[in-house]
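Here is the structure we will look at, set down as structure tokens.
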Amino acid sequence: MKKRILSLLLAVILVFGVAVVPGVGADAAAKKIKYTRLTFADVNSNVTFEIAEANRAAAANQLHTVLNNMLKKGTTFVVTVNKKDYTATKTGKQGKGSVTVSDGKTTQTLDAFIVANKGKATSVTVSVNVKKVLNAAKLAKKKANFGYSIKVGDAVFSDLKISKKNKVTFNGNGKAFAGYLKNGKLYVKKNRTNSKFVKALNKSGCLSKVKVVKAKTASLAK
């Protein structure tokens, strides 16, 4: 008799366990967690893009596309190769035309110029809106992996990856960060206000506000 009662109790526990566990999981998924919210100011900042040697052609193509979409006709900026400066110029309307670089003898598109200087230290310094640079990755239908680092003041984004669902991972001044890019704001997990990266980014003037908030991951991933 006792064995039958015990068996019945186990059966009830198993049945209710199956019914209850999904609800518990759903609650956990909806739980708010701590993020440091970085709100970007609607201003231009001097940004330096350092081209990585690995996948140089892809990185050059990405950068040309981003700048061609962002810059206005006639905008000029500096491309540095092995510490020698060249002038780059945006031709045509935003999203059309191209970005070209002249070395005094020939004129090439920015991506062709970067590829032609393979194996040499190459950087691009231009005054742009950091928020728009990061949001440019949202145009990608698949995960966007940036083949260059982004330096704003003393803050450096490297190994930047942004997915279709707003998820972002990167190294900020050598430390790993993970979070979400949503509505022009960067949410990084945990309280990172005292990190070297966040302090440097704030000091650069490209942020209007830094605040620790609690948010549901599911809402940031939409």
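Numerical summary
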item	result
Residue in segment 171-219 that is surrounded by the fewest Cβ atoms within 10 Å (Cβ to Cβ), counting only those that are modelled with pLDDT under 95 and closer than 19 Å to residue 45 by Cβ	184
Subset tally (residues that are at positive phi and in contact (Cβ under 8 Å) with a residue 24 or more places away in the chain) for segment 99-138	1
Residues located in segment 49-65, provided they are open to solvent by 30 Å² or more (accessible area, probe 1.4 Å) and not small (Gly, Ala, Ser)	50, 53, 55, 61, 62, 65
Strands (runs of 3 or more DSSP E) enclosed by segment 125-222 - at least 2 residues per element that are over 15 Å from the mean Cα position of the chain (by Cα)	207-216
Selection status of residue 73, of a type outside the set (A, V, I, L, M, F, W, C), open to solvent by 90 Å² or more (accessible area, probe 1.4 Å) and either in contact with a Ser or Thr (Cβ under 6 Å, 6 or more places away or on another chain) or modelled with pLDDT under 95 (or both)	no
Contacts under 8 angstrom Cβ, first residue in segment 154-167 being within 19 Å of residue 47 (Cα to Cα) and of a type in the set (D, E, K, R), partner modelled with pLDDT under 85 and open to solvent by 40 Å² or more (accessible area, probe 1.4 Å), 6 or more apart	161/143; 161/145
Selection status of residue 152, open to solvent by less than 20 Å² (accessible area, probe 1.4 Å), at pLDDT 95 or above and either farther than 21 Å from residue 126 by Cα or not β-branched (Val, Ile, Thr) (or both)	no
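The values are calculated or read from the model by the stated rules, or taken from the named source; none is laboratory data. The structure displayed is predicted, hence computed values, not measured ones. Cβ: placed from backbone, ideal geometry, glycine included. Neighbour counts: every protein chain shown. Note: accessible area is taken over every heavy atom of the protein model, side chains too, but ligands, DNA and RNA are not part of it. Shrake-Rupley method; radii C 1.70, N 1.55, O 1.52, S 1.80 Å.
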